Amino acid sequence: MRYRTLGAAGLTVSEIGFGTIPLLAGDAPVLPAYRSPDPETAVSSMRSAYDMGCNLFDTAAYDEYGDAEYKLGLFAASVPRETIILSDKARKYTGSEMRNAVLTSCDRLGARPDIYFVHQVDERNADVVFSEGGALDALCELKREGLIRFTGVASHYYATLERAALDPRVDVLQMSGNILERGMLERMKDNRALVEKGVILNKVYAAGLLLQDYTPAELIGGILRYPISSALIGVGTFDEAKAAMRQEYLPNEIPFEDVFRYLSRNYDLVKCDRCQRCVCRRRHELHSVVRYFNYMKLGKAEWAKRHLRMYLSKIQKYCAACPDAPCVSSCPQNLPFPEIVELIAQSVENDSER
């Protein structure tokens, strides 16, 4: 295992972190396979990663990750506390909600989280999160009280991450990316504020979908060339921990063109790296529509279709009537989004009729 510094927080973190979502008991459709291990098995999986040098363990509050937080707490109690870094998060946006979430997390973990993130921050909730008395202020107050060590913002949106990077109240960022969805990573390379803040990366396996065509070494090495601090891998078993952490993965470059060409042999994908440069006058998330379509084609059909129906109901008629499609001229791939949206809508409809 190799280690990097987590930005301004100054923490030394393992290049590969342990994502605990596969440890929870229940059902999460986005996962590649559901494990639901008992507490003893879950702790054993985390211990195997720890023995291979992993020191960063990431989870989320109960309403998102179920009992994963509790299981992580059991593991944390079994090793010297100073040898691990606990990262937690909650999808709470007001100050009072976030404060209650952190206090509950501390009880479930039986420990103080090192980093606590406001989770899934986007344009719909960002103004509340960043406002006076919002979730970020609450995290800062909890930091002063010694209940957490560092504050964080986790988001799938580049504009939100930029905003967080420029906010002195934010210590750490968490974002998503992989060798297919690398657009934000490419933009981050030239953004000094993001790099200096320190970035933990999730979705390295694309919910496990890229493991159908690439090895863990290719997927992990392909993103370690970017200036991130740690790559979170969702792990639910000893074998998954071993596959992700048993060796030292050196950075390697797999060009986006090669990845898309390789995947296109078996999947009918849209050539989008989710850079999020596409501009819509109505601020519709065209990149998200394409992302869910690609996930549908890669194998997460029912989960992706539910999201697609929601997005398509909002944007389809507007895309068809858009007079000059500024999204096309702002896209590095010059993707014809109005036509793509229609094709995606037809694909979803045809798939539902089968």
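Read the figures in this text as sums done on the coordinates, not as results from a lab. Because the structure is predicted, anything quoted here is derived from the model rather than measured. Quick reminder, even Gly has a Cβ in these numbers, built from the backbone with ideal geometry, and neighbours come from all protein chains shown.
Do any trypsin sites (Lys or Arg not before Pro) in the stretch 102-187 lie in a loop, going by DSSP, with at most 11 other beta-carbon atoms within 10 Å of their beta carbon, and if so which?
Working: sites: R108, R124, K143, R144, R149, R163, R169, R182, R187; in loops: R124, R149, R169, R182.
Listed in order of number, the matching sites are R124.
Find how much the distance from K317 to S96 grows on full extension, using 0.36 nm per residue of separation minus their present alpha carbon separation; answer in nm with one decimal. Mind showing how you got there, number by number?
Values: separation 221, 0.36 × 221 = 79.56 nm, distance 3.91 nm.
Extra length available between K317 and S96 comes to 75.7 nm.
Please report the relative contact order for the chain, taking Cα pairs under 8 Å with a sequence separation of at least 6, and give it as a percent rounded to a whole number.
Values: 664 pairs, mean separation 58.0, N = 354.
The normalised contact order for the chain reaches 16 percent.
Rounded if a/c is under 1.5, else prolate if a/b is larger than b/c, else oblate: which is the stretch 56-213, with a ≥ b ≥ c the root eigenvalues of its Cα gyration tensor?
oblate
Which FRET efficiency value, to the nearest 0.05, do you get for R277 and F238 by plugging their Cβ-Cβ distance into 1/(1 + (r/R0)^6) with R0 = 45 Å?
With R0 = 45 Å, the Cβ-Cβ based efficiency is 0.65.
For E82 and D258, calculate 0.36 nm times their separation in residues minus their Cα-Cα distance, and state this gained length in nm to one decimal.
59.1 nm
Output the relative contact order of the stretch 204-348, whole-number percent, from Cα pairs under 8 angstrom with separation of 6+ residues. Walk me through the numbers on the way to the answer.
Working: 132 pairs, mean separation 27.6, N = 145.
RCO, the stretch 204-348: 19 percent.
Can you tell me the Rg and the Dmax, both Å, for the Cα atoms in the stretch 227-331?
Answer for the stretch 227-331, Rg first and Dmax second: 17.6, 54 Å.
Report the full-extension gain for the segment D122 to T12: residue separation times 0.36 nm, less the Cα-Cα distance, to one decimal in nm.
Numbers: separation 110, 0.36 × 110 = 39.60 nm, distance 2.83 nm.
So the extension gain works out to 36.8 nm.
For the chain, take N as its residue count and report Rg(C-alpha) divided by 2.2 N^0.38 Å.
Numbers: Rg = 19.9 Å, N = 354, 2.2 N^0.38 = 20.5 Å.
Expressed relative to 2.2 N^0.38 Å, the Cα Rg reads 0.97.
Using 7 Å Cα-to-Cβ label points, what is the A25/A159 separation (nm, one decimal)?
The two pseudo-label positions are separated by 4.3 nm.
Name the residue from I148, G73, L209 whose Cα lies farthest towards the positive end of the charge dipole of the stretch 3-254, charges +1 on Cβ of Lys and Arg and -1 on Cβ of Asp and Glu.
So the residue furthest toward the plus end is I148.
Show me the GluC sites (Glu not before Pro) within the stretch 57-129 that DSSP assigns to loop and that have at most 13 other Cβ atoms within 10 Å of their Cβ. Don't jump to the answer; show the numbers that get you there.
Working: sites: E64, E69, E82, E97, E123; in loops: E123.
Taking the stretch 57-129 and a limit of 13 other Cβ atoms within 10 Å, the loop GluC sites (Glu not before Pro) found are E123.
Taking the Cα centre of the chain as origin and charging only Cβ (+1 Lys, Arg; -1 Asp, Glu), how large is the dipole, in debye to the nearest 20? It would help to have the intermediate numbers written out before the result.
Working: 44 positive and 47 negative charges, 84 e Å.
Roughly 400 debye, rounded to the nearest 20.
Give the lysines whose C-alpha is closer than 17 Å to that of K305, dropping any in the same chain fewer than 8 places away, or say none.
K297, K314
Under a straight-distance cross-link criterion of Cα-Cα below 28 Å, which lysines are reachable from K143, leaving out those fewer than 8 residues away in the same chain?
List returned: K71, K89, K92, K197, K203.
Kindly provide the helix-only [θ] at 222 nm of the chain, computed as the sum of -39,500 (n - 2.57) over DSSP H runs of four or more divided by all residues, to the nearest 500 deg cm²/dmol? Show your work: numbers first, answer last.
Numbers: 16 runs with 157 residues, N = 354.
After summing the helix terms and dividing by residue count, I get -13000 deg cm²/dmol.
List R309, R2 from most exposed to least, where exposure is judged by having the fewest other Cβ atoms within 10 Å. If you can, show how the numbers build up before the last one.
On the way: R309 14, R2 11.
Going from sparsest to densest Cβ surroundings: R2, R309.
Once both labels are modelled 7 Å past Cα along the beta-carbon direction, what's the E196-L343 spacing in nm?
4.2 nm
Please list, in order along the stretch 274-281, the HN-Hα scalar couplings obtained from phi with the Karplus expression 6.51 cos²θ - 1.76 cosθ + 1.60 (θ = phi - 60°), rounded to whole Hz, x for Gly and Pro.
These are the phi-based 3J(HN,Hα) values: 6, 6, 6, 8, 4, 10, 10, 4 Hz.
Could you give the dipole magnitude of the stretch 155-280 about its Cα centre, charging the beta-carbon of Lys and Arg +1 and that of Asp and Glu -1, in debye to the nearest 20?
Numbers: 16 positive and 17 negative charges, 53 e Å.
With only Lys, Arg, Asp and Glu charged at Cβ, the dipole is about 260 debye.
To the nearest 20 Debye, how big is the dipole of the stretch 27-172 about its Cα centre, given +1 on the beta carbon of each Lys and Arg and -1 on that of each Asp and Glu?
Values: 16 positive and 24 negative charges, 50 e Å.
Its charge dipole is roughly 240 debye.
Work out which helices of the chain, taken as complete DSSP H runs, extend at least 20 Å along their axis over the Cα atoms and score a mean Kyte-Doolittle of -0.5 or more, then list them. All intermediate terms of the calculation are to be shown ahead of the outcome.
On the way: long enough: 95-109 (21 Å, -0.28); 301-321 (29 Å, -0.55); 337-353 (24 Å, -0.11).
Span-like helices, by this rule, are 95-109, 337-353.
What order do you get for D114, D239, D324, D171 when you list them from fewest to most C-beta neighbours inside 10 Å?
Least crowded to most crowded, the residues run D324, D239, D114, D171.
For T83, T104, what ranking results if the residue with the fewest other Cβ atoms within 10 Å of its Cβ goes first? Kindly include the intermediate steps, with their values, before the conclusion.
Details: T83 9, T104 15.
With the sparsest Cβ surroundings first, the list reads T83, T104.
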